[in-house]
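The values are calculated or read from the model by the stated rules, or taken from the named source; none is laboratory data. Being a predicted model, the structure only gives us computed values, none of them experimental. Neighbour counts are summed over all protein chains in view; Cβ atoms, including those assigned to glycine, are modelled from backbone coordinates with ideal geometry. Surface accessibility is based on the protein's heavy atoms, side chains included, excluding ligands, DNA and RNA. Shrake-Rupley method; radii C 1.70, N 1.55, O 1.52, S 1.80 Å.
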There are 2 protein chains.
Amino acid sequence: MSKKEKQIGLTTKKEDNLTKWYTELIQKAQLTDYTEVSGCMVFRPDCYAMWEIIQKETDKKFKKIGIKNAYFPLFIPEKLLAKEETHVEGFTPEVAWVTHAGDSKLTEKLAVRPTSETIMYDSYSKWIRSWRDLPLKLNQWNNVVRWEFKHPIALMRTREFLWNEGHTVYATKKEADKERNQILDIYEEILKNYMALYGIKGKKTEKEKFAGAEATYSFEFFLPNGKGVQGPDFHNDGQNFAKAFDIQFLDKNEKKQYPYQNTFAITTRMLGVMIIMHGDDKGLVLPPAIAPTQIAIVPIFNEKNKDKILKEANKIKKALKQFRVKLDDREEYSPGWKFNEWELKGVPLRIEIGPKDIEKKQVVLARRDTNKKEFVKLTKVSESAKKTLKDIHQNLYENSKKNLLNSLTKVKSMQELKKAVKNKKLALAPFCNDPECEDWIKEKTGGTSSRCIE
Amino acid sequence: MSKKEKQIGLTTKKEDNLTKWYTELIQKAQLTDYTEVSGCMVFRPDCYAMWEIIQKETDKKFKKIGIKNAYFPLFIPEKLLAKEETHVEGFTPEVAWVTHAGDSKLTEKLAVRPTSETIMYDSYSKWIRSWRDLPLKLNQWNNVVRWEFKHPIALMRTREFLWNEGHTVYATKKEADKERNQILDIYEEILKNYMALYGIKGKKTEKEKFAGAEATYSFEFFLPNGKGVQGPDFHNDGQNFAKAFDIQFLDKNEKKQYPYQNTFAITTRMLGVMIIMHGDDKGLVLPPAIAPTQIAIVPIFNEKNKDKILKEANKIKKALKQFRVKLDDREEYSPGWKFNEWELKGVPLRIEIGPKDIEKKQVVLARRDTNKKEFVKLTKVSESAKKTLKDIHQNLYENSKKNLLNSLTKVKSMQELKKAVKNKKLALAPFCNDPECEDWIKEKTGGTSSRCIE
């Protein structure tokens, strides 16, 4: 091992302290980094590349169903934010306020968008006049700020994050309702096919629904430390915002009507959930569809056989050009150190090739998820890699589903619920959906929150 | 003409009042809209779709030369912004400041990023340790805020805009310099191949270079009202920021060195320049490569022949599926009204099909740029459309080049320069590059600014 090499592995086990393990992991795997602004993180290239994949694939599906992208201002005047009462109550405590520009004090302070309902719907009220202007289906990919006062955790709880915010308007409730499954299906496909994640799809309780919505639907996840996390969500806003922002249209009978609105979002927090769900004590375990590097080729060579082995490794790289491949030909690190690094970075598949392998016209495929190694004929590398990556994805998804369903416990009494919470389980309990009752349960169980109604 | 129809054309001529014409145009063509926040505009779907094309194509070219995307926080603490003296002087007068979160006053006020050098290079100083960490080539696609106190003009001068900001670090000046042509070539291709724009490529004067840079290169454009506008730019920052932010690396001889940095950007302002350059008194004239709708099919039908004609129109749409096509089958508008609307929106090619055309197995192709109409056999529609779109692009680009070069006047004395400025010409004058001298010229000519040194 060269002098340049230093310890890169994790010092905390996932089982021992999830938060510490996670924080160490995303830092060492170079996904995010702290900055001088407390609670605001850098998305480093490997992390942002994963977000780009989520963005690109979700966007493609949105466009296929007629949703168009737009961009609305970052700043929202205080009076606009205050137009829908429940909404403003939900967001004001976390708003970052711009009060000055240069040396001048602004006449009205401006909110840095925590979400864009208010600034968008003010425009919608100007644009929507007739049934011909409907449906209006817009989306934004942008940054939002919610000033969390709790301890920040990269990706999971930060003061600025990235997301999509879809904001659609329909003439009738029926059409608005129909969109719900379209959007939830899109999110489900992204979760399943790119992040290898299974979530419980359901409706939020009255207490936990979005500020200003009539109903909220979401995918819910359950972390190994017994905490629930909300994934992508969809809100039926009914006519709440339409009334607050005076969005009205003339229907085909020339009668004025309030339309029905929906909003929906997926955020960079999902990257955090994915990392926690699949990661292990060696580092990240990334699903192949989202991994910035899908295959790492590590040639095993010395001064003498270097040229010969690198030549073969390059041939393999070429044969794998349909994948995102890195050939690690660095000379200053040993193969063992490289194995550790690619494992830390969660690269799904590693290909090892040394002098003996070349003699036998084979390579070694090493799976990140199961640690299993397999010899494969040189002529079959591409084919085997494809199959193995598919298997890895399937295995990660099945594990995610199994873990969630194994955590789920049916309870029938407060005693059973308390026991489930104590055992860090996700409990399925009968519930009346009364916010007061939910407060009572929360109090009795020491802070348990409801996730969703199945 | 139906009762529903109203006047959608422009009321101002481009030649009479460029600003008024432009402001009316982008509003009526539904590209942008005002909001409650003065100086901040909405990018409506057709406008944002054009930005997405610029972004996608530029990004592809960046990635091909090894630039990776990342995302850094929106907020920059005051002390960080102040680290490079010239830089902070250039930006502070226009900074929007966040001073409060919820009800709490922040201990240090935060700048909403006007540009990200300071927040990025603080991270760079942590990440860069050795020659192995170089080059570091990162880019961001994001929103920035510069609080303009002048009258805002949509896309051209707004308080928030969208851009790319590339920030690269090289071990040697030679490598850093080499990147200049790579990046300027990419921008030139985007300007030429997507926006059909010709700009003068050159170096900015000492007075006009970027705050904190050693040298700035840019593409310069010249509006019909005699005003110059800067397009995409590239800055050689030398070691200025490296020294201010203590970015150092150990070279191969284990010696500490300051690296060399570059930055570069293209902004949404270019959409404004493009619209002004190509537009006419009927509305937008969009280059086919960037037009959200490339071809509009307008069928001419009545109650009786409607089905037959729409059937044929749909066949044409299918034959043109390689293009971004809209079939305008609305019944509440007359063909003439539709022609005006698609002209206002700048759709490069219109296809008209009526009963007589069907008899003769032909359609009419109407070019937006030249207003010329041409009959084309039904069997040749796709082939002709492809050729015509290519011709339109070429024609717009040639016009853009001709207009710029025709405005250029060589001058040798202050008297000739004054005359050129009076005649709204772009003057090519000998110049010593002394900022004091530039101030003197500015004063003598009533505010003329230098664009670039060729």
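Would you please give the FRET efficiency between residue B:454 and residue B:82, computed as 1/(1 + (r/R0)^6) with r the Cβ-Cβ distance and R0 = 45 Å, to the nearest 0.05?
Numbers: r = 36 Å, r/R0 = 0.79.
With R0 = 45 Å, the Cβ-Cβ based efficiency is 0.80.
Around the Cα centre of the range A:271-415, unit charges on the Cβ atoms of Lys, Arg, Asp and Glu (plus for the first two, minus for the last two) sum to a dipole of about 580 debye. Model label sites at residue B:56 and residue B:281, defined 7 Å from Cα along the beta-carbon direction, differ in position by 3.6 nm. With respect to chain A, whose longest principal axis is taken over its alpha-carbon atoms, helix A:306-319 is tilted by about 40°.
Fully extending the segment from residue A:246 to residue A:157, taken as 0.36 nm per residue of separation minus the present Cα-Cα distance, adds 28.6 nm. Between the alpha-carbon centres of the range A:122-171 and the range B:28-71 there is a gap of 17 Å. Placing a label point 7 Å from Cα along the Cα-to-Cβ axis, residue B:214 is separated from the same position in the other copies by 6.4 nm, shortest listed first.
In nanometres and ascending order, the distances from the residue A:83 label point to those of the other copies are 4.1 (point 7 Å from Cα along Cα→Cβ).
Taking Cα centre as origin and charging only the Cβ of basic (Lys, Arg, +1) and acidic (Asp, Glu, -1) residues, the dipole magnitude of the protein assembly as shown rounds to 3280 debye.
Spacing of the modelled spin labels on residue A:63 and residue A:361, each 7 Å from Cα toward Cβ, amounts to 4.5 nm.
What separates the residue A:56 label point from its copies, with the point 7 Å along Cα to Cβ, is 1.1 nm, written shortest first. Label-to-label distance for residue B:419 and residue A:193 is 6.8 nm, based on points extended 7 Å past Cα in the beta-carbon direction.
Each Lys and Arg Cβ is given +1 and each Asp and Glu Cβ -1; about its Cα centre, the range A:57-190 then shows a dipole of about 380 debye.
Here the range B:96-181 has 51 percent of its accessible surface on carbon and sulfur atoms, given a 1.4 Å probe and all protein chains in place.
With 0.36 nm allotted per residue and the present C-alpha distance subtracted, the residue A:174-residue A:19 stretch has 51.4 nm of extension available.
With the charge dipole of chain B set up from +1 on Lys and Arg Cβ and -1 on Asp and Glu Cβ about the Cα centre, the Cα lying farthest toward the positive end among the listed residues B:268, B:47, B:163 is that of B:47. For chain B, the residue among B:236, B:452, B:400 whose Cα projects farthest onto the positive side of the dipole built from Cβ charges is B:400.
Axis of helix A:381-407 versus longest Cα principal axis of chain A: the two differ by about 50°, to the nearest ten degrees. Taking the Cα atoms only, what angle lies between the long axis of helix B:117-127 and the longest principal axis of chain B, rounded to 10 degrees? Helix B:117-127 sits roughly 60 degrees off the main axis of chain B. Loop-located trypsin sites (Lys or Arg not before Pro) in the range A:229-309 (DSSP state not H, G, I, E or B) with no more than 14 neighbouring Cβ atoms inside 10 Å: A:252, A:255, A:304. Under 5 Å between amide hydrogens, built in the peptide plane, is the criterion, and for residue A:201 it picks out A:220 among residues at least 5 positions away or on other chains. For the range A:198-282, the convex hull spanned by the alpha carbon atoms encloses 115 Å³ per residue. Here's the picture: a label point sits 7 Å out from the Cα of residue B:428 along the beta-carbon direction, and within the range B:191-206 the residues with their amide nitrogen under 19 Å of it are B:198-205.
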